[in-house]
Amino acid sequence: MAQVAEVRSSDLFREFLQNVEGGIAVILFWADWAPQCQQMSDVLVELAKDNQLKHIKFAKVEAEKVPEVSQKYEITAVPTCIIIKNKAVSDRINGANAPELTNKIKQHGQSENNMGGTAGKPDQAAPSPKEELNARLKKLTNAAPVMLFMKGNPQDAKCGFSKTCVQLLQDQKVTFSSFNILADPDIRQGLKEYSNWPTYPQLYVSGKLVGGLDIIKELIESGEFQKMLPKKQTLEEKLKELINSDKVMLFMKGHPDNVKCGFSRTMVGLLNDLGVKFGHFDILQDEEVRQGLKTFSNWPTFPQLYVNGQLVGGVDIVKELIESGEFQKMLPKPPTLEDRLKDLTTSDKVMLFMKGHPDNVKCGFSRTMVEILNETRIRDLIYPSVKYGHFDILQDEEVRQGLKTYSNWPTYPQLYVNGKFVGGVDIIKELKEAGELQSTLKG
C-alpha cells in the first residue's frame, strides 16, 4: 500500500521526483490555516490505499514552507493538486474539488495501466476490484466507533438530510467521525450495495449499519439510541486496549515505513532483523496517548515496546535482551491451530467458511449458502439484512482440514453464529423452510 510522502524541503522534493522517474506523481500543496486542505489530504490518503493506483506516487507539500517549489509550479492558492506525468505537469486541480481529483487520478492511473505502465505482473490470485472495494468499505465503516457517511462534512453539509443527521448527533453529544461520499464515487455507490441501504446519510456503530435519518430519529425518540452507543473510554482503558491490540506492540514516533526519530528507526530495525511481527502506534498523532503512556508505564521516553501487554522497555533494554538471548524467549509463541480456529469462528457474529468468496464462489453448495444469506432479512429495526464474515478455505489447507475435526463436520460450506457451529447448506435450508433461520442468525 502506498504512503503519502511529507515533503518538507526542495531537496526532498527533488529526491521524491527522482524516485518517480518517468511515472506518475500526485502532489498536494496545502496550508495549515486552510481547513479545506484536510479534505483533499484525506482523499489522497484513501487513493494511496487503492491497489489499482499502486504505481502512482503521492506527496504533500506545505506551500509556504517550501516556497521555491510552490513558485516553480505557480501555486497561487491552496489547496492545489498537480499531477506530474513523464516529468511534466499533466493536470492541475485548483481548490477543494475532491470528486475532480479522484476522477483525474483514476483516469491517469487507468491510462498508465492500459499502456503497460509500471505495475508489472499481477499477483497470483489477486483480489477482484469488488473484493478490494469491500475491504475498503469494511475498514471505513470500522474507522471510528460511530461513523457517519454523509454528503459533505459536519461543518459544511451538502444536503438537508445530512445536516439534520449531524445536528441530531451533536444534540445527543455523540462523538463521531464522518466520510464525505461526494469525494469518492466508488465508496458512494459501493456502500449502497455493501449495506443494502440505498440512500444517505448512513450511520454505523461499531462497524454495523444503524440506518438513515428516519431510523436515527425513531431510535432517539424511543430512548434506544443511547443504549447502542459504545461507552466512553477512560484514558487508562484506552491505553490498555492499545497496549493489548497486538501481542508485540510498539509505540513510536512515526510509522515503520516513515519513522520520525532515530531511536524509533533503530527499534524497527531490531524487530525487523529478528523477523518479529508487531503492531505499532504513532504517538505523534495523539498527544493524550503520548503523555498518558509515560505515566501509565512509568517510562518517560519513546519508543516503548510491549509484549503480551507488559512493558519491555526502550531501545537500550531491547538491545541488551537480544544480545543475551532473552528477548526471543519473551516473544509469544505462534497460536495453536485450535486457537486460530476459535479466533476465526468468532471473528464475526455470523461466520461462513466456504470455497471462494461471496463475489467469486468456487462451488455450487457455497453459492447456494451465499444466496440464502443474501436473501434473508432480519425483521429488526436496526439490522435489516444479514451481515456475515467469510473465510475461503481453499486459501488455507490447515484451516480447511482442522475445521472438519474442530466441528466434527466433514464438508463445506460451514456456518457459525456467535462461534457456535450451525451446519451446512442442507441444515440452513431446513431452518429457512421451518421459519427458524432469522432467529438463529440473530443469536
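The values are calculated or read from the model by the stated rules, or taken from the named source; none is laboratory data. If you're wondering where the values come from, they're calculated on a predicted model, not measured in any experiment. Note that each Cβ is placed from the backbone with ideal geometry, even for glycine, and that neighbours are counted across all protein chains shown.
For this structure, a couple of remarks:
- Output for the range 318-331, where each listed residue is surrounded by fewer than 15 Cβ atoms within 10 Å (Cβ to Cβ) and in a helix (DSSP H, G or I): E320, E323, S324, E326, Q328, K329, M330
- Evaluation of F365 against the conditions (1) outside any loop (DSSP other than H, G, I, E, B); (2) surrounded by fewer than 17 Cβ atoms within 10 Å (Cβ to Cβ); (3) touching a strand residue (DSSP E or B) at 6+ places or on another chain (Cβ under 9 Å); (4) free of Cβ contacts under 8 Å to residues at least 24 places away in the same chain shows that the sole unmet condition is (4).
- Test set (1) at pLDDT 90 or above; (2) among the hydroxyl-bearing types (S, T, Y); (3) not in a helix (DSSP H, G or I) - S264 fails condition number: (3)
- Residue-level analysis places D184 among those that are surrounded by 18 or more Cβ atoms within 10 Å (Cβ to Cβ), among the acidic types (D, E) and under 30 Å from Q3 (Cβ atoms).
- Of all residues in the range 166-189, those that are within 12 Å of Y204 (Cα to Cα) have Cβ atoms under 8 Å from Cβ atoms of residues that are among the hydrophobic types (A, V, I, L, M, F, W, C) and surrounded by fewer than 17 Cβ atoms within 10 Å (Cβ to Cβ), 6 or more apart or on another chain, in S177/A143; F179/A143.
- Residues (touching a Ser or Thr at 6+ places or on another chain (Cβ under 8 Å) and crowded, with 18+ Cβ neighbours inside 10 Å) located in the range 142-165: A144, P145, V146, M147, L148, F149, M150, K151, G152, N153, P154
- Screening K208 against (1) more than 25 Å from E375 (Cβ to Cβ); (2) in contact (Cβ under 8 Å) with a residue 40 or more places away in the chain; (3) in the same structural domain as L133 (by TED's automatic domain parsing); (4) in contact with a Phe, Trp or Tyr (Cβ under 8 Å, 6 or more places away or on another chain) leaves a single unmet condition, (1).
- Of all residues in the range 11-35, those satisfying the criterion of being farther than 18 Å from K104 by Cβ and touching a Pro at 6+ places or on another chain (Cβ under 9 Å) are A31, A34.
- Residue list for the range 134-146, restricted to those being in contact (Cβ under 8 Å) with a residue 60 or more places away in the chain and outside any helix (DSSP H, G or I): N142, P145, V146
- Residues (of a type in the set (S, T, Y) and free of Cβ contacts under 8 Å to residues at least 40 places away in the same chain) located in the range 412-443: S439, T440
- Wholly within the range 382-443, strands (runs of 3 or more DSSP E) carrying at least 2 residues that are touching a strand residue (DSSP E or B) at 6+ places or on another chain (Cβ under 8 Å) and more than 30 Å from L219 (Cβ to Cβ): 389-392, 420-423
- Matching residues, the range 209-227, being surrounded by 15 or more Cβ atoms within 10 Å (Cβ to Cβ) and either charged (D, E, K, R) or not in a strand (DSSP E or B) (or both): G212, L213, I215, I216, K217, L219, I220, F225
- Residue within the range 149-162 that is over 24 Å from the mean Cα position of the chain (by Cα), part of a helix (DSSP H, G or I), modelled with pLDDT of 90 or more and more than 24 Å from I24 (Cβ to Cβ) present: yes
- Residue within the range 127-139 that is touching a Ser or Thr at 6+ places or on another chain (Cβ under 9 Å) and at pLDDT 80 or above present: yes
- In the set K277, K232, K238, K294, only one residue is assigned to a helix (DSSP H, G or I), of a type outside the set (D, E) and touching a residue at least 12 places away in the same chain (Cβ under 8 Å); that residue is K238.
- Number of positions in the range 332-356 that are buried (at least 18 other Cβ atoms within 10 Å of the Cβ) and farther than 30 Å from V370 by Cα: 0
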